[in-house]
Amino acid sequence: MTLNPLSNAVWYALTGPQAHLSLGTGGARMFEVDVTPFCAVPDEPSRRDWEQLAQLLPVGGGALFRESISLPPDWQTGDIWPCLQLVLSDDSSAKSTGITAHTEILTHRDLPEILDLVSRTRPGPFLNNTLATGQYRGIRVKGQLAAMSGERMRLPGATEISAVAVAPEFRGRGLARSLIRELVSQITERHELPFLHVVDSNVEAIKLYESLGFTVSRSIDARIVAGPGQPPPQRR
């Protein structure tokens, strides 16, 4: 049985458009360790696939990010974050006129500011080379990086919008809305489907995404895992 690729997006990204950012062969993949902690196995992994993944994972484990799956009985599970996956179903809302703000492309020169914003807003994992996954854009207010978002996972025909972050002192100005609209525009111009993930308890973010034409498609678990005999998964 083949699942919808969005059910196992990490696997289809790392065996597809983002293979250049992948570690591993056969039935186990993970992003380079300074990009993002996500790892993956095929839709229906064999015992050998799990063995290969165990050999690939760093100390502290990796983040398995997919629709619910049963781990082998000798595997260890750390923190679990229940998430929702939303896909764009109506781009008229995302492309409609409204509050807009000037955005700029972020580069590694902006990394100290990016990491500071991420540490204050916690939009999800963002590491020293996460910018390699796609284009990230930011909004500055009086020279300060006030908001950001960008493209993380890319798989055939779809691109994930990620790292939607707005500094607390700049919320309520429509900055996240402006960023998402711009990203939706550039993704749909490539004839790709925009999608995103959000922790299922983040009600305000879900409302924002739904107002921009996204609808919930499935539940996705983000869980820290480690193989048999490895140190216990880190608490994040």
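The values are calculated or read from the model by the stated rules, or taken from the named source; none is laboratory data. Everything quoted here is computed from the prediction, not taken from an experiment. As a convention, Cβ positions derive from the backbone with ideal geometry for all residues, glycine included, and neighbour counts pool all protein chains shown.
All but one of (1) assigned by TED's automatic domain parsing to the domain that holds Leu196; (2) in contact (Cβ under 8 Å) with a residue 60 or more places away in the chain; (3) surrounded by 18 or more Cβ atoms within 10 Å (Cβ to Cβ) hold for Ser149; state the number of the condition that does not hold.
Only one criterion is unmet by Ser149, namely (2).
So, in the stretch 159-175, of the ones that are hydrophobic (A, V, I, L, M, F, W, C) and surrounded by fewer than 22 Cβ atoms within 10 Å (Cβ to Cβ), which residue ends up nearest to Val35 (Cα to Cα)?
Ala167
Residues to consider are Arg140, Arg122, Arg152, Arg181; find the one that is more than 19 Å from Val33 (Cβ to Cβ), in contact with a helix residue (DSSP H, G or I) (Cβ under 6 Å, 6 or more places away or on another chain) and not aliphatic (A, V, I, L, M).
Arg181
Regarding Thr36, is this residue hydroxyl-bearing (Ser, Thr, Tyr), farther than 23 Å from Val199 by Cα and surrounded by 13 or more Cβ atoms within 10 Å (Cβ to Cβ)?
Considered against the rule, which asks whether it is hydroxyl-bearing (Ser, Thr, Tyr), farther than 23 Å from Val199 by Cα and surrounded by 13 or more Cβ atoms within 10 Å (Cβ to Cβ), Thr36 comes out as no.
Hey, can you tell me all the residues within the stretch 56-76 that are under 19 Å from Phe31 (Cα atoms) and not acidic (Asp, Glu)?
Result: Leu56, Leu57, Pro58, Val59, Gly60, Gly61, Gly62, Ala63, Leu64, Phe65, Arg66.
Tell me, yes or no, whether the stretch 43-53 has at least one residue that is within 19 Å of the chain's Cα centre (by Cα) and in contact (Cβ under 8 Å) with a residue 24 or more places away in the chain. Steps first, please.
So the first thing to find is which residues in the stretch 43-53 are within 19 Å of the chain's Cα centre (by Cα), and the list is 43.
This time we only want the ones that are in contact (Cβ under 8 Å) with a residue 24 or more places away in the chain, so: 43.
Yes.
What number goes with the only condition from (1) modelled with pLDDT of 95 or more; (2) under 22 Å from Ala205 (Cα atoms); (3) aromatic (Phe, Trp, Tyr) that Trp81 does not pass?
(1)
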